[in-house]
Amino acid sequence: NTARGALIDEAALIDALRKNRIAAAALDVITQEPPPPDHPIVLAAKELDNLIVTPHTAWSAREARARLLKEVEENIAAFLQGRDRNRVA
């Protein structure tokens, strides 16, 4: 799950992982960001080998922020020039 954490019923996921009804799960976001140390997913990740939780911090690297700002700059320039950029039709 790399979308919003609330898309997943976390208690049901943990139960399914414990009972091997789901082979594995990898989450980048959970219902609380940042999660408290006693968050059920955090605790389960310490216990279960089939659950991976990664920190939701990909945006924080200097390179990622620079790329984001460059995209905004290019989008504004395209708009001012009357041309389409990154348009979904």
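The values are calculated or read from the model by the stated rules, or taken from the named source; none is laboratory data. Computed from a predicted structure; not experimentally measured. In this analysis, Cβ positions are derived from the backbone assuming ideal geometry, glycine residues included, and neighbour counts consider all displayed protein chains. Accessible surface areas use protein heavy atoms only, side chains included; no ligands, DNA or RNA. Shrake-Rupley method; radii C 1.70, N 1.55, O 1.52, S 1.80 Å.
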- Task: Only residues that are open to solvent by less than 100 Å² (accessible area, probe 1.4 Å), over 19 Å from R18 (Cβ atoms), out of contact with any strand residue (DSSP E or B) (no Cβ under 8 Å at 6 or more places or on another chain) and in a loop (DSSP other than H, G, I, E, B): list them for segment 36-73, please.
- Result: P36, P55, H56, T57, A61
- How many residues of segment 36-89 are among the polar types (S, T, N, Q) and touching a helix residue (DSSP H, G or I) at 6+ places or on another chain (Cβ under 9 Å)? The answer is 2
- Subset of segment 74-89 that is open to solvent by less than 100 Å² (accessible area, probe 1.4 Å) and small (G, A, S) - its residue that is farthest from K19 (Cα to Cα): G82
- Message: I'm checking my understanding of the structure. Among residues of segment 19-35 that are assigned to a strand (DSSP E or B) and either within 20 Å of S60 (Cβ to Cβ) or polar (S, T, N, Q) (or both), which one is most open to solvent (accessible area, probe 1.4 Å)?
- Response: A26
